[in-house]
Amino acid sequence: MENNILEVKDLKKSYKEFTLNNLSFKLEKGYIMGFIGPNGAGKSTTIKLIMNLINRDGGEISVFGLDNIKDERCIKQRIGFVYDENHFYDELSITEMKGIIAPFYKGWSDKDFERYLKDFDLPPRKKIKELSKGMKTKFSLAVALSHDADFIIMDEPTSGLDPVFRSEILDILASFIQDEKKAVLFSTHITTDLEKIADYITFINNGELVFSETKDSILENYALVKGGKELLDDGVRRELVGIRENNYGFEAVTSDVKKFRSQFKGDIIIEKPTLEDIMLYTVRGSKNA
Amino acid sequence: MRIIISNSSQEPIYKQITSQIKKMIMTGELNPGDSLPSIRNLARELHISVITTKRAFEDLEREGLVETVAGKGSFVSQYNREIIKEKKMEMIEEKLANIVQESKSLGISPQVLQEMIKLLYEEG
Amino acid sequence: MLNLILKDLLVQKKSFIFTVFYSTFVFFAFSTPVFEQTIYAMGTIAIAYILILTATALDDKNRSEIILNSLPVKRDSIIMAKYLSIFVYIVVGIATMMVVGLALKLLGMPINYRLVNGAELVAILMSIGILCSIYFPIYYKFGSANVRIFNIFLFLALFFGPVNIANYMKKNGNNEFITSVLETIRNIPEWMIMSGVVAIVLAIILVSMLITIRIYRKKEF
C-alpha cells in the first residue's frame with residue numbers, strides 16, 4: 001500500500017527570470033502540509049506542475065503512487081483543487097457551473113455539494129460574477145469536497161476569506177483527514193491560522209527548498225535570537241540567518257537552537273519563533289547573501 | 001475532560017497536552033481504563049496538528065500512563081496511580097537529598113531540619 | 001465530451017438572443033431576389049461563426065482552461081469537443097434561421113420562407129469548416145488577443161477573396177487552363193462535386209484538429 005499521497009522528486013522548471021531547482025518533498029497520507037514561501041518563490045509553479053497544467057523540465061511527480069502525467073485522469077478523479085483566482089465561468093450560476101463539473105467525476109455527490117452550499121451560505125442561483133472573492137473560494141472548496149477526493153490541493157486559499165470562515169476551514173480540513181487515508185496540501189505566502197493544523201511545512205524560497213519537515217521539529221529547532229550588537233562576532237554571525245541590526249541591537253533567527261545555546265554564553269534573548277519569523281528572516285538572509 | 005491550549009505560551013503544545021492529561025490522571029479526574037479521545041479527533045477539536053497530538057500521546061505511553069490498543073484507541077493505564085506515586089516519591093527523595101546536602105554544608109542539624117519540615121507541614 | 005459541448009452552449013445563453021435579432025435582420029436586409037438562393041447560408045454562417053468565436057472568447061476571458069485541465073479530462077478531448085461543436089453550431093444556426101423565418105412568415109412579413117437547400121448546406125459546411133480549421137490552431141497557439149487581428153484579415157479575405165477570384169477569372173476568361181477546369185467541372189454531376197467538397201472540407205477539419213491537438217498538448221496554463 002502506497003503511503004505517500006504526493007511525492008515530488010528533483011522537480012525542475014525554468015522560466016526566463018525564475019527557476020524551480022530540484023525541488024523534492026513528500027506528503028504522507030493522513031496529514032496536512034503547509035507550502036509556504038514569499039510571492040514568486042515557486043509555489044504556484046509547483047502546484048501547476050503537480051496538476052500538469054505546465055510542462056516540467058525535469059524530475060518526477062507521483063500522486064497516490066502514480067505518475068502525474070501518465071495516469072493524469074485517474075489521479076484527477078481523486079484530487080480536489082482550489083485555486084487562488086476564480087477560473088469558473090462568470091456568466092453561469094453556481095448550480096449551472098456545478099452541472100458542468102459534476103459529470104466529470106465518478107464520485108460526485110449532489111447531496112454533499114448541497115450540504116456544503118448550505119454550510120457556506122452560498123445561494124445556488126447566484127451568478128459567479130456576483131460572488132465575492134471569499135464566496136468564490138468557498139464555492140471552489142465545495143466542489144473540491146463533493147467528489148470523494150483523497151487529496152485536496154489549495155493554492156493560496158485564504159486570500160479573501162474572513163477569519164470566521166478560515167476557522168471553519170480548519171474544522172473542514174481536520175475532518176477531511178480523520179480517516180487517515182487522505183491528505184491536504186495548501187500554499188500560502190502569509191502565515192495564517194491555517195498553519196495551526198499543518199503537520200508538515202514545506203518552505204521554498206527563490207525556487208529552492210529551504211526545508212520540508214514536521215512543523216513541531218521546525219518550531220523546536222529554530223529560534224528567534226535578540227541581543228546587543230557587540231555580541232555579533234563572526235562565530236555568532238555564522239549561526240544566524242537574516243540578521244537585522246538596528247541602533248540598539250540585533251534580531252535574527254537560528255536554525256539550530258541547541259547548538260547555538262551550547263556555543264553561545266552571554267546575555268542574549270532566545271525566543272520561540274513563529275513560522276512567519278522563520279520565513280521573514282530566511283528570505284532576508286537569502287537577499288543579503 | 002478539559003484541555004486548554006495556549007498558542008502564546010513558550011511551552012510546546014505537545015507538553016501542554018501531556019501535562020494537562022497527567023494532571024487529570026493524578027487528581028483522579030481520569031480513572032484507569034477511561035478512554036481518551038482519538039489523536040485525530042483531539043487534533044481537530046483543538047485546531048492543532050495531528051503530529052503534535054500524536055507526540056503528546058506517545059510521551060504519555062512512554063511514561064506508562066496511557067495505553068493504545070490498535071483499532072480501539074487510547075486508554076488510561078491500569079496501574080498508573082502506583083506508577084505516579086512511585087515517580088513522585090523518587091522526585092521527593094531527590095529533592096530532599098539536595099536539601100540535606102545543603103543543610104549539611106551550612107551545618108544545620110537533622111533536628112532543626114525536621115522542625116522546619118514539621119512547621120511547614122502545619123502551615124500548609 | 002458531450003458535456004464540454006453543452007458547456008459551450010450554456011455559457012453563451014445570452015448570445016442566443018442576439019442570434020434571433022441577427023437572423024431577423026438578415027431576413028429584412030437580404031430578402032431581395034439577388035440573395036434569394038443564399039440568404040439561409042449567409043445567416044447560418046454568420047450565426048455559427050459568431051457563436052464559435054464567443055465560446056472561445058469566454059474560455060479565454062475566464063481563463064477557464066485552468067479549470068478544464070484540472071478536471072479528469074484528456075486534453076485531446078477538450079479539443080475534439082471544440083471541433084465537434086462546429087457541427088452543433090451549424091445546426092443551431094440553421095435552426096435559428098428556420099424558426100425565425102417561420103415566425104416572421106406567420107406574422108405576415110413579406111419574406112421568402114423555404115427549407116435550406118443542399119447547395120447552401122455544402123456552402124455552410126465549407127465556410128464554417130475552413131474558417132474554424134484556420135481559427136482554432138491560431139487561437140490555441142497564440143491566444144485570443146492575437147487572434148483578433150487575424151480574424152479581421154480572415155473576414156476581409158473571405159469578403160473580397162471570392163470577388164477578386166471571380167474578377168480574375170472573368171478577365172482571363174480565355175485562359176486555356178481556366179476554361180478547361182471550368183469545362184471539366186461542368187461535366188461532373190452536381191452530387192459528385194458536392195460530396196467531393198464535403199469530403200475535402202472534412203479532411204481539412206480533421207487535419208486542423210490533429211494540429212490543434214498537438215499544440216494543445218504542449219500548452220501551459
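Values computed for the structure shown
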read-out	value
Per-bin percent of Cα-Cα distances, segment A:102-159 [5 Å]	4, 18, 29, 24, 19, 5, 0
Sparse-neighbour loop sites [trypsin sites (Lys or Arg not before Pro); segment A:44-121; at most 12 other C-beta within 10 Å; DSSP]	A:70, A:106
CD proxy at 222 nm, helix term only [per DSSP H run n ≥ 4: -39500 (n - 2.57); per residue of the protein assembly as shown; nearest 500]	-18000 deg cm²/dmol
Debye, to nearest 20: dipole size of segment A:1-109, +1 on Lys, Arg Cβ, -1 on Asp, Glu Cβ	220
Of C:14/C:218; A:70/C:218; A:111/A:136; A:182/B:15; A:16/C:219, those spanning more than 22 Å from alpha-carbon to alpha-carbon	C:14/C:218; A:182/B:15
Chain C - Kirkwood radius from inverse mean 1/r over Cα pairs (Å)	19.2
Kirkwood-based shape ratio for segment A:204-289, expressed as Rg/Rh from alpha carbons	0.95
Highest average packing first - A:137-150, C:108-121, Cβ atoms within 10 Å	A:137-150, C:108-121
Fraction of the pair-distance distribution of the protein assembly as shown above 42 Å, Cα-Cα pairs, percent	47
Two-decimal ratio, segment A:98-238, of alpha-carbon radius of gyration to 2.2 N^0.38 Å	1.37
With Cα atoms, 0 to 90° folded angle of helix C:75-106 axis to chain C main axis	50
Listed residues A:5, C:31, C:66: farthest to the positive end of the dipole of the protein assembly as shown (Cβ charges)	C:31
Cleavage-rule hits, trypsin sites (Lys or Arg not before Pro), segment B:1-81, DSSP coil, Cβ neighbours within 10 Å at most 14	B:2, B:72
Cα pair distances of chain A binned at 10 Å [whole percent]	6, 26, 30, 22, 11, 4, 1
GNM top mover of B:93, B:102, B:82 - chain B, alpha-carbon springs below 10 Å	B:102
Distance histogram for segment B:36-124 (every C-alpha pair counted, 10 angstrom bins, percent rounded to whole numbers)	14, 28, 19, 17, 16, 5
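No value in this document is a laboratory result; all are computed from the given coordinates. Predicted model only: the values in this text are computed from it and were never measured. A quick note on method: Cβ atoms are made from the backbone with ideal geometry, for glycine too, and the neighbour counts reach across all protein chains shown.
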